Amino acid sequence: MTRSCSAVGCSTRDTVLSRERGLSFHQFPTDTIQRSKWIRAVNRMDPRSKKIWIPGPGAMLCSKHFQESDFESYGIRRKLKKGAVPSVSLYKNNSKPSQIINILHWLLESFQKLSIMLLFLYGSHHQKTCVHCPGDYTFLKIRNYYLFFHT
């Protein structure tokens, strides 16, 4: 049976071809603290219990989910450094922070488009975007909120 990466949305399988392409596969650590960091990073939910997913003994992640700096090279072999935590291309569910970022991203794009119209019509991007909005939502304020949450 072919083993595959446990990250949600990753279809990488442990085959001869994937190994020839330079991919490596790494089992979840046995150290409790390090294992819990990996589980949190993967952010996967058990579909039956709706609780956080607990990896089985054969669960592993492919090297696509680690930074290049997470590896040590020994000739042609690569090994994960002690303490490495997966951080690349991992599925994130729709938690409140990501929803806020998505909303702010949409608002930023919308206000950028509106600011062009405001500059054309009024000559100032400090103008309120809507005369019906009670708040002082200027383009710069929305941009600053977006940059704060996005970084």
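The values are calculated or read from the model by the stated rules, or taken from the named source; none is laboratory data. Owing to the predicted nature of the structure, the values given are computational and were not obtained by experimental measurement. Because the Cβ atoms are built from the backbone with ideal geometry, glycine has one as well, and the counts that use them run over all protein chains shown. Areas reflect the complete protein model, heavy atoms only, side chains present, ligands, DNA and RNA absent. Shrake-Rupley method; radii C 1.70, N 1.55, O 1.52, S 1.80 Å.
Results, tabulated for the structure shown:
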item	result
Ranked by how many other beta carbons lie within 10 Å on average, peptides 4-10, 65-71 from highest	4-10, 65-71
Region 1-50 - percent of accessible surface contributed by carbon and sulfur, probe 1.4 Å	50
Distance (nanometres) between label positions extended 7 Å along Cα→Cβ at Gln34 and Lys50	3.5
Pairwise label distance in nanometres, Glu20 with Thr2, each label 7 Å out on the Cα-Cβ vector	1.4
Candidate aspartates and glutamates for bridging to Lys79, where Cα separation is under 18 Å - those fewer than 8 sequence places away on the same chain excluded	Asp14, Glu20, Asp31, Glu68, Asp70
Accessible area per residue in Å² at 1.4 Å probe, computed on region 1-56	71
For region 6-18, 3J(HN,Hα) per residue [Karplus equation, 6.51 cos²θ - 1.76 cosθ + 1.60, θ = phi - 60°, Hz, x = Gly/Pro]	8, 5, 4, x, 9, 9, 5, 10, 7, 10, 4, 4, 5
Rounded to whole Å, sorted largest first: equivalent-ellipsoid semi-axes of region 50-89, Cα gyration tensor	24, 12, 9
